[in-house]
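**Q** Quick one: structure below, then a few questions.
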Amino acid sequence: MIETERLVLRRWEPRDRPIFHAMNADPLVMRWFPKLMSAEECDAKLERMAGYERDHGFTFWAVERKSDHEVIGNCGLKPLTVPWPEPSDIEIGWAFRTPFHGRGYAREAAEAVLAHGLTLAPRVIAMTVPANRESWGLMIRLGMERTPHLDFNHPDLPGSPLERHIVYVKEAN
């Protein structure tokens, strides 16, 4: 689907399910998400992601390392699933298994995905919680700009420490 020097971003395959389940049950990977996910919740998420690709042509793809074909995380695009002022915006996101943090894989995958996203939409957005310095740091390295007027309280997380979301934007040139 999308290739970089070290990575292939591709559709999820049935053989990837145990890896996806383990990643979404890892407290370090999921520390900025509302909760750890059960196998059933992971399977439902994989189905939603397959639907995004079927309906829109993009999703959060599996990220496979070329050197050994190991799935190391996910990165991709999805339609916004929160109330949003601009319907043409699409969201970029990523999550990587703990052993693969700090090796530049997230940036490599996200650069390719962002470039692809900007061929599909006039603007790509990324969101996270203010405490997630690693994620918004990557957003900055990707050339995305902080847009405080788009910050919002996530409607699914009222009262949670993860309720407030900050937004970064990259516009097509």
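**Q** Just to be sure I understand the filter: pairs with C-beta atoms under 6 Å, separated by 6 or more residues or on different chains, first member in region 46-57 and closer than 23 Å to N24 by Cα, second member hydroxyl-bearing (S, T, Y) and not in a helix (DSSP H, G or I). Which pairs pass?
**A** Sorted first by the residue in region 46-57, then by its partner, the pairs are M49/T59; Y52/T59; E53/T59.
**Q** Looking at region 13-35 only, could you name the residues that are of a type in the set (A, V, I, L, M, F, W, C), over 14 Å from the mean Cα position of the chain (by Cα) and surrounded by 14 or more Cβ atoms within 10 Å (Cβ to Cβ)? Quick ask: steps written out before the conclusion?
**A** Going through region 13-35, the residues of a type in the set (A, V, I, L, M, F, W, C) turn out to be 19-20, 22-23, 25, 28-30, 32-33.
Restricting the remaining residues to those that are over 14 Å from the mean Cα position of the chain (by Cα) gives 19, 22, 25, 28.
Listed by number, the residues that qualify are I19, A22, A25.
**Q** Quick one: which of S67, S88 is more than 22 Å from F152 (Cα to Cα) and surrounded by fewer than 20 Cβ atoms within 10 Å (Cβ to Cβ)?
**A** S67
**Q** If you check every pair at least six apart or on different chains, which have Cβ atoms under 6 Å apart with a residue in region 1-30 that is more than 21 Å from L77 (Cβ to Cβ) first and a residue that is open to solvent by 20 Å² or more (accessible area, probe 1.4 Å) and in a helix (DSSP H, G or I) second?
**A** Listed by first residue and then by second, the contacts come to H21/A39; D26/T98; L28/T98.
**Q** A further question follows. Of the conditions (1) out of contact with any helix residue (DSSP H, G or I) (no Cβ under 9 Å at 6 or more places or on another chain); (2) touching a residue at least 40 places away in the same chain (Cβ under 8 Å); (3) more than 21 Å from L77 (Cα to Cα), F33 clears all except one; give me its number.
**A** All conditions are met except number (3).
**Q** Which of the residues that make up region 40-50 are more than 16 Å from C75 (Cα to Cα) and either open to solvent by less than 40 Å² (accessible area, probe 1.4 Å) or outside any helix (DSSP H, G or I) (or both)?
**A** Hits for region 40-50: nothing passes.
**Q** In region 53-73, how many are polar (S, T, N, Q) and out of contact with any helix residue (DSSP H, G or I) (no Cβ under 8 Å at 6 or more places or on another chain)?
**A** Within region 53-73, residues that are polar (S, T, N, Q) and out of contact with any helix residue (DSSP H, G or I) (no Cβ under 8 Å at 6 or more places or on another chain) number 1.
**Q** Still on this structure: Please list, ordered by first then second residue, the pairs with beta carbon atoms under 8 Å, 6 or more apart or interchain, first in region 145-173 and within 19 Å of S88 (Cα to Cα), second in a loop (DSSP other than H, G, I, E, B) and among the small types (G, A, S).
**A** Listed pairs, sorted by first residue: K170/G143; A172/A121.
**Q** Scan region 114-135 and report the pairs whose first residue is under 17 Å from M1 (Cβ atoms) and open to solvent by 60 Å² or more (accessible area, probe 1.4 Å) and whose second residue is of a type in the set (G, A, S) and in a helix (DSSP H, G or I), with Cβ atoms within less than 8 Å and a gap of 6+ or a chain change.
**A** That search, which allows pairs on different chains as well, returns nothing.
**Q** Within the group V63, V113, V124, V71, which residue is closer than 20 Å to R31 by Cβ, hydrophobic (A, V, I, L, M, F, W, C) and under 16 Å from the mean Cα position of the chain (by Cα)?
**A** V63
**Q** Something else about it: Kindly evaluate E5 against the criterion of being touching a helix residue (DSSP H, G or I) at 6+ places or on another chain (Cβ under 8 Å), acidic (D, E), open to solvent by 50 Å² or more (accessible area, probe 1.4 Å) and not in a strand (DSSP E or B).
**A** Against the criterion (touching a helix residue (DSSP H, G or I) at 6+ places or on another chain (Cβ under 8 Å), acidic (D, E), open to solvent by 50 Å² or more (accessible area, probe 1.4 Å) and not in a strand (DSSP E or B)), E5 qualifies.
The values are calculated or read from the model by the stated rules, or taken from the named source; none is laboratory data. Remember, it's a predicted structure, so these values are computed and weren't measured experimentally. Ideal geometry is used to build each Cβ from the backbone, glycine not excepted, and the neighbour counts take in all protein chains shown. In case anyone asks, the SASA skips ligands and DNA or RNA and just uses the protein heavy atoms, side chains included. Shrake-Rupley method; radii C 1.70, N 1.55, O 1.52, S 1.80 Å.
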